[in-house]
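Below is one structure, written out as structure tokens; the observations come after it.
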Amino acid sequence: MRAYGFSEAGGPERERFFDLPVPEPGPGELLVRVRAAGVNPGDWRLREGTYGVAGPAVLGREVAGTVISIGSGVAGFSVGDEVFGGCPGMIGGWAEQAVVTASFTAHRPAGLAPEAAAVLPVAAGTAHDALNDLGLPPGATLLVNGAGGGVGIPVVQLARARGISVVGVASPAKHELLAGFGATPVAYGDGVLERVRAAAPDGVDGVFDLVGGAALRTVAELVEDRSKLLSVADKPLVAELGGRTVVRDRSTAVLDELARLVLAGELDPLVKQVRPLDEAGAALAEVEHGHAVGKIVLVP
């Protein structure tokens with residue numbers, strides 16, 4: 001089968017196409033014929049070596065497809081089912097066939113396109129879990145630092161669906177988009193605290209950071225209760241600041257809930273590009289350089 005990944009950890013020059021045997025699903029796994037696969041910042045970070053995968057490896061963390069074989073110990077799925085889910089080890093999805101973890105896979109409803117379903121497990125799943133971790137009630141105010149990115153946009157939508165007000169720190173190019181989803185956008189950079197305080201005069205009840213570094217250190221000043229400070233971008237620093245990272249609930253139930261929200265019109269997966277697998281390198285470069293608005297999907 002044709003697949004795209006990297007030969008060894010490093011820069012984009014390490015990326016390549018592979019011709020590989022079709023994988024076998026192990027216990028608790030499904031093998032699917034891939035209909036669509038999501039592209040995420042975690043894919044280039046994995047290629048770069050951030051997560052300790054030396055390579056060679058096939059990239060791709062999330063897919064939608066058709067079940068073609070089933071590993072031992074799996075119940076609730078049959079050959080021919082249309083599904084979407086996450087790949088074990090968060091690798092292997094950018095291929096003609098891919099293995100998914102059954103416990104992090106759901107049936108794809110008929111009204112949900114495979115391209116939309118394929119981008120739900122990673123970014124929207126992280127957004128869902130972050131809101132559950134924060135536990136903010138309706139009427140609360142959430143600051144999202146890096147609101148214009150792949151996780152930021154769904155967290156804005158999911159928070160608004162829960163009745164939570166959102167102030168979103170993002171580049172001015174993303175402000176119109178964020179306002180359309182019901183957030184109050186503010187620009188990042190010098191003076192961000194003053195801009196946030198002007199947008200939320202009564203303060204914010206929680207901070208979800210997607211940037212890290214100095215930007216995280218700055219916005220952390222906005223919450224006295226550091227249990228309401230979350231970051232997925234800088235685990236060491238958020239711990240130093242008394243906050244925490246997101247505990248992921250990679251489950252079928254979460255995917256079912258996300259699909260329900262899409263069908264109810266409360267979550268737009270914001271798929272902006274559908275590209276052939278042949279263009280995987282260009283798609284990843286666009287995400288790596290921060291040029292992508294919305295999600296990019298690869299189709300084998």
| task | For residues that are touching a Leu at 6+ places or on another chain (Cβ under 9 Å), part of a helix (DSSP H, G or I) and not aromatic (Phe, Trp, Tyr), tally how many sit in region 80-115. | result | 2
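So that you can scan it fast, the table gives a plain yes or no per residue for (1) more than 26 Å from residue 75 (Cα to Cα); (2) out of contact with any Lys or Arg (no Cβ under 9 Å at 6 or more places or on another chain); (3) not in a loop (DSSP other than H, G, I, E, B):
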| position | (1), (2), (3) |
| --- | --- |
| 227 | yes, no, yes |
| 230 | yes, no, yes |
| 238 | yes, no, yes |
| 250 | no, yes, no |
| 257 | no, yes, yes |
| query | Across region 110-154, what is the total count of residues that are among the acidic types (Asp, Glu) and not assigned by the TED database to the domain that holds residue 254? | reply | 2
| Condition broken by residue 66, with the remaining ones in (1) assigned to a helix (DSSP H, G or I); (2) surrounded by fewer than 23 Cβ atoms within 10 Å (Cβ to Cβ) satisfied | (1)
| field | Boolean, residue 204 is at pLDDT 95 or above, part of a loop (DSSP other than H, G, I, E, B), under 15 Å from residue 170 (Cβ atoms) and in the same structural domain as residue 136 (by the TED database) | value | no
| request: Could you please tell me which pairs satisfy a Cβ distance under 7 Å, a separation of 6+ or placement on different chains, a first residue in region 107-123 that is in contact (Cβ under 8 Å) with a residue 12 or more places away in the chain and over 14 Å from residue 294 (Cα atoms), and a second residue that is crowded, with 21+ Cβ neighbours inside 10 Å and acidic (Asp, Glu)? | output: 121/62
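Okay, residues lined up against (1) buried (at least 20 other Cβ atoms within 10 Å of the Cβ); (2) small (Gly, Ala, Ser):
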site: 43; (1), (2): yes, no
site: 60; (1), (2): yes, yes
site: 81; (1), (2): no, no
site: 84; (1), (2): yes, no
site: 93; (1), (2): yes, yes
| request: Kindly indicate the residue of region 255-298 that is under 13 Å from the mean Cα position of the chain (by Cα) and crowded, with 19+ Cβ neighbours inside 10 Å and also farthest from residue 107 (Cα to Cα) among those meeting that condition. | output: 287
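The values are calculated or read from the model by the stated rules, or taken from the named source; none is laboratory data. Everything numeric here is computed off the predicted structure, so don't read it as measured data. Positions of Cβ are backbone-derived with ideal geometry, glycine not excepted, and every protein chain shown enters the neighbour counts.
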